[in-house]
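Visitor: Here you go, one structure.
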Amino acid sequence: MTTTYAALLRGINVGGNKKVPMAELRTVIEELGHGDVQTYLQSGNAVFSTDRGDEDSLGAELAEAIEKHFGFRVGVLVRDHAYLRAVREACPFPAAELEAKQLHVTYFSGPVDAERFASVDPAVFLPEEFRLGDRALYLYAPDGLGRSKLAEALSKPRLLKGVTATTRNWNTVVKLEELTGA
């Protein structure tokens with residue numbers, strides 16, 4: 001059975017570092033034998049279909065192929081449509097009432113629990129807020145991610161030890177769910 005997945009690359013094309021042209025990324029994915037390859041934006045979002053593998057093995061395969069082709073390693077999370085839809089539907093914030101720049105989802109390579117973020121005092125960052133979901137963190141940042149003190153606190157390496165994390169704004173969350181469902 002063929003499944004459509006989204007690949008989320010971490011930390012590419014930011015500040016001139018780890019440049020990954022989307023046309024080359026599509027070629028890399030196609031050379032792995034995957035079909036229906038398309039990319040979304042320049043920030044490391046790709047959609048593809050395949051009849052083999054699972055999220056973890058596909059992510060590892062793609063990370064290895066990227067390292068071989070581009071010469072550097074990046075974290076790659078691969079998620080299927082059902083997961084992306086579940087994340088969208090489980091949003092604890094009123095997404096329809098917010099601007100896309102105010103709402104973000106950080107996807108994690110594995111489960112995270114509240115204990116991991118216990119050192120972050122939510123009251124200090126109000127009106128910014130976060131909630132945890134299934135291998136995801138929802139962030140409400142009224143002034144956007146770039147100005148978010150809470151986002152900065154949540155991204156400390158000690159809090160993310162042992163997991164790959166990559167963040168997308170709400171427009172991208174919605175678009176990837178739509179693209180994988182087509």
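Visitor: Return yes or no: is VAL20 open to solvent by less than 10 Å² (accessible area, probe 1.4 Å), within 19 Å of LEU176 (Cβ to Cβ) and not aromatic (Phe, Trp, Tyr)? Spell out the reasoning first.
Guide: Values: open to solvent by less than 10 Å² (accessible area, probe 1.4 Å): yes; within 19 Å of LEU176 (Cβ to Cβ): yes; not aromatic (Phe, Trp, Tyr): yes.
Here the answer is yes, as VAL20 does meet what is asked.
Visitor: Check LEU160, LEU176 and return the single one that is within 26 Å of HIS81 (Cα to Cα), aliphatic (A, V, I, L, M) and touching a Leu at 6+ places or on another chain (Cβ under 6 Å).
Guide: Details: LEU160 fails: touching a Leu at 6+ places or on another chain (Cβ under 6 Å).
After ruling out the rest, the residue left standing is LEU176.
Visitor: What's the total number of residues in the stretch 1-25 that are outside any loop (DSSP other than H, G, I, E, B) and touching a residue at least 40 places away in the same chain (Cβ under 8 Å)? If you could, list the steps in order and put the result at the bottom.
Guide: Here is the first cut: in the stretch 1-25, the residues outside any loop (DSSP other than H, G, I, E, B) are 3-9, 14, 17, 22-25.
With the extra rule that they be touching a residue at least 40 places away in the same chain (Cβ under 8 Å), the set shrinks to 3-9, 24-25.
Looking only at that region, the number is 9.
Visitor: Name the pairs whose Cβ atoms lie under 7 Å apart, with the first residue in the stretch 93-106 and touching a residue at least 24 places away in the same chain (Cβ under 8 Å), the second surrounded by fewer than 16 Cβ atoms within 10 Å (Cβ to Cβ), and 6 or more positions between them or separate chains?
Guide: ALA100/ASN171; LYS101/GLY144; GLN102/PRO142; GLN102/GLY144
Visitor: Restricting the search to the stretch 131-153, which residues are out of contact with any Asp or Glu (no Cβ under 9 Å at 6 or more places or on another chain) and within 16 Å of GLY11 (Cα to Cα)?
Guide: The answer is LEU145, GLY146, GLU152.
Visitor: Further question on the same structure: Can you name the residue in the stretch 26-47 that is without any contact (Cβ under 8 Å) to a residue 40 or more places away in the chain and within 18 Å of the chain's Cα centre (by Cα) and, of all such residues, is surrounded by the most Cβ atoms within 10 Å (Cβ to Cβ)? Walk me through how you get there before you give the answer.
Guide: Residues of the stretch 26-47 that are without any contact (Cβ under 8 Å) to a residue 40 or more places away in the chain, as a first pass: 26-27, 29-37, 39, 42.
Adding the requirement that they be within 18 Å of the chain's Cα centre (by Cα) leaves 26, 29, 37, 39, 42.
Working: ARG26: 17, ILE29: 25, VAL37: 19, THR39: 22, GLN42: 14.
The qualifying residue surrounded by the most Cβ atoms within 10 Å (Cβ to Cβ) is ILE29.
Visitor: So the check is Cβ under 9 Å with 6+ separation or different chains; which pairs have a first residue in the stretch 55-77 that's farther than 12 Å from ALA6 by Cα and open to solvent by less than 20 Å² (accessible area, probe 1.4 Å) and a second one that's aromatic (Phe, Trp, Tyr) and not in a helix (DSSP H, G or I)?
Guide: Filtered contacts from the stretch 55-77: ILE66/PHE72.
Visitor: If you scan the stretch 78-87, which residues turn out to be open to solvent by 20 Å² or more (accessible area, probe 1.4 Å) and part of a helix (DSSP H, G or I)?
Guide: The answer is HIS81, ALA82, ARG85, ALA86.
Visitor: Filter the stretch 1-15 down to the residues that are at pLDDT below 95 and open to solvent by 10 Å² or more (accessible area, probe 1.4 Å) and list them by number.
Guide: MET1, THR2, ARG10, GLY11, ASN13, VAL14, GLY15
Visitor: Take SER109 and tell me if it is more than 27 Å from SER49 (Cβ to Cβ) and polar (S, T, N, Q). If you could, list the steps in order and put the result at the bottom.
Guide: Working: more than 27 Å from SER49 (Cβ to Cβ): no; polar (S, T, N, Q): yes.
Taking the combined requirement at face value, the residue does not satisfy it.
The values are calculated or read from the model by the stated rules, or taken from the named source; none is laboratory data. Everything numeric here is computed off the predicted structure, so don't read it as measured data. Methodologically, a virtual Cβ is constructed for each residue, glycine included, from the backbone with ideal geometry; neighbour enumeration extends over all protein chains shown. The accessibility values were calculated without ligands, DNA or RNA, using every heavy atom of the protein model including side chains. Shrake-Rupley method; radii C 1.70, N 1.55, O 1.52, S 1.80 Å.
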